[in-house]
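The structure appears below as structure tokens.
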């Protein structure tokens, strides 16, 4: 048949983003915690799914069916007429959960405990409670004295008195309203007066290492100013920092894979926690076969299909992570043997071509994933870095960063190396790196500029 208006029929292939495919992509990019949260939800909603549990061999125990002789009078004397109270054998050690776990109080709990020990009036305790509730996680008071007085039906003077008590609590510096007050609270009574003077008037100059200016304006020797500034830098600007790790939202890194060195060979293991083994519940599977209730069978069949797709997606995820880690190991084998200086430039495209997968798949497979190696725990993206030209080929940016850190660690503190000097020294080793690139890498390493590193 001839079509008019020059119309032509063409057959093309298109990838349709089905819900199942979208789910598989989602599972791949999940990190370990997100994956387990997702699977926990699916296990609750889908009766067909269940976690595989290892088969445990249980030894048969012969039970003596003969009724034992019981002294009933002694038996009932163990208990009173109100409640069940088992006898305690004092010779047996009682192991409880509290003996094996520890609890660290939050900053507010720690301060409230100290407030309870302080000799305060009832009205002062009420003010103290309100003040403590308005101390942030860094240890700073975020409410004004007028606000405290209004909310506690007191006066700013009373609030200031109670605040002074709280500022004497541990950690030192807590309850301050600004950085200067926080640092001043940490000064000891026997510290030189110049310490407080520098905190109140020269914090910015200390930050930028303008020691000559401070020495000149205060008619002091440069070494005295430097010692004073070193002491100020040792003070804690965030007193509540020690309690920040006690949050309930603390997340722990669980490696998705482990690289082991066994008899000189590197072996890869995928962590089962990041891809738990799932199976189909036999009870509900048999209900589908039974087919006596059509609606039940249809419901279970739908859940069965969903469960099978999840199981396949989890297994595909495991295989993908294994292949990616295996390919990284192949490209970065010298890193595992010699360290970060042996890290070679590597891109997602190279890994994708090596294992015959799309680059976007590699990106999802490496995002938020970690691997435990003989050299430590690394995010998979750590092994990918841009290449810089050198006389011997290309070197990775990670290698250049390691070189920068090594040079700075060995520098003369009285004459620290400038970015230009570091650039020339690296170029002498065979790699050309611009001054701006050196500055960029130095910032990424959290290393200050030469003017801030200088010692007198």
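Testing residue 356 on (1) at pLDDT 90 or above; (2) farther than 21 Å from residue 32 by Cα; (3) touching a helix residue (DSSP H, G or I) at 6+ places or on another chain (Cβ under 7 Å), one condition comes back false. Which one is that?
All conditions pass for residue 356, except number (3).
With the requirement that a residue be in a helix (DSSP H, G or I) and farther than 25 Å from residue 178 by Cβ, what does the stretch 106-137 give you? Lay out the reasoning, then the answer.
In the first step, residues of the stretch 106-137 are kept if they are in a helix (DSSP H, G or I); the result is 107-117, 122-133.
Matches in the stretch 106-137: 113, 116, 117, 122, 123, 125, 126.
So residue 367 clears everything in (1) exposed (fewer than 14 other Cβ atoms within 10 Å of the Cβ); (2) within 25 Å of residue 278 (Cα to Cα) except one condition, right? Which one?
(1)
Which of the residues that make up the stretch 301-311 are surrounded by fewer than 18 Cβ atoms within 10 Å (Cβ to Cβ), in contact with a helix residue (DSSP H, G or I) (Cβ under 8 Å, 6 or more places away or on another chain) and in contact (Cβ under 8 Å) with a residue 24 or more places away in the chain?
Initial filter on the stretch 301-311 (surrounded by fewer than 18 Cβ atoms within 10 Å (Cβ to Cβ)): 301-302, 305, 308-309, 311.
In the following step, the residues that additionally are in contact with a helix residue (DSSP H, G or I) (Cβ under 8 Å, 6 or more places away or on another chain) were identified as 301, 309.
Scanning the stretch 301-311 gives a single hit, 309.
Among helices (runs of 4 or more DSSP H) lying entirely in the stretch 145-187, which contain 1 or more residues that are farther than 16 Å from residue 128 by Cα? Let's see the steps before the verdict.
On the way: elements: 145-151, 156-166, 179-185.
Here the list reads 179-185.
Condition first: in a loop (DSSP other than H, G, I, E, B) and either touching a helix residue (DSSP H, G or I) at 6+ places or on another chain (Cβ under 6 Å) or on the phi < 0 side of the Ramachandran plot (or both). Now tell me which residues in the stretch 206-243 satisfy that. Walk me through it before giving the result.
Of all residues in the stretch 206-243, those in a loop (DSSP other than H, G, I, E, B) come to 208-210, 219-221, 234-238.
Correct list: 208, 209, 210, 220, 221, 234, 235, 236, 237, 238.
Give the residue that is surrounded by the most Cβ atoms within 10 Å (Cβ to Cβ), with candidates limited to residues of the stretch 417-440 that are in contact (Cβ under 8 Å) with a residue 12 or more places away in the chain and assigned to a loop (DSSP other than H, G, I, E, B).
Of everything passing the filter in the stretch 417-440, 433 is surrounded by the most Cβ atoms within 10 Å (Cβ to Cβ).
Residue under question is residue 413, and the condition is that it be under 26 Å from residue 230 (Cβ atoms) and at pLDDT 85 or above; does it hold?
Details: under 26 Å from residue 230 (Cβ atoms): yes; at pLDDT 85 or above: yes.
Spelling it out, residue 413 is indeed under 26 Å from residue 230 (Cβ atoms) and at pLDDT 85 or above.
Working only within the stretch 286-300, note down all residues that are loosely packed, with under 14 Cβ neighbours inside 10 Å and in a helix (DSSP H, G or I).
Pass one, the stretch 286-300, residues loosely packed, with under 14 Cβ neighbours inside 10 Å: 286, 289-295, 298.
Correct list: 286, 289, 290, 294, 295, 298.
Select from the stretch 286-314 the residues that are under 30 Å from residue 357 (Cβ atoms) and out of contact with any strand residue (DSSP E or B) (no Cβ under 9 Å at 6 or more places or on another chain) and list them in ascending order. Break it down into steps so the answer makes sense when it comes.
As a first pass, look at the stretch 286-314 and keep what is under 30 Å from residue 357 (Cβ atoms): 304-314.
Those that are under 30 Å from residue 357 (Cβ atoms) and out of contact with any strand residue (DSSP E or B) (no Cβ under 9 Å at 6 or more places or on another chain): 305, 309, 312, 313.
The values are calculated or read from the model by the stated rules, or taken from the named source; none is laboratory data. Please read all numbers here as calculations on a predicted model, not as lab measurements. Cβ sites come from the backbone with ideal geometry, for glycine too, and all protein chains shown count toward neighbours.
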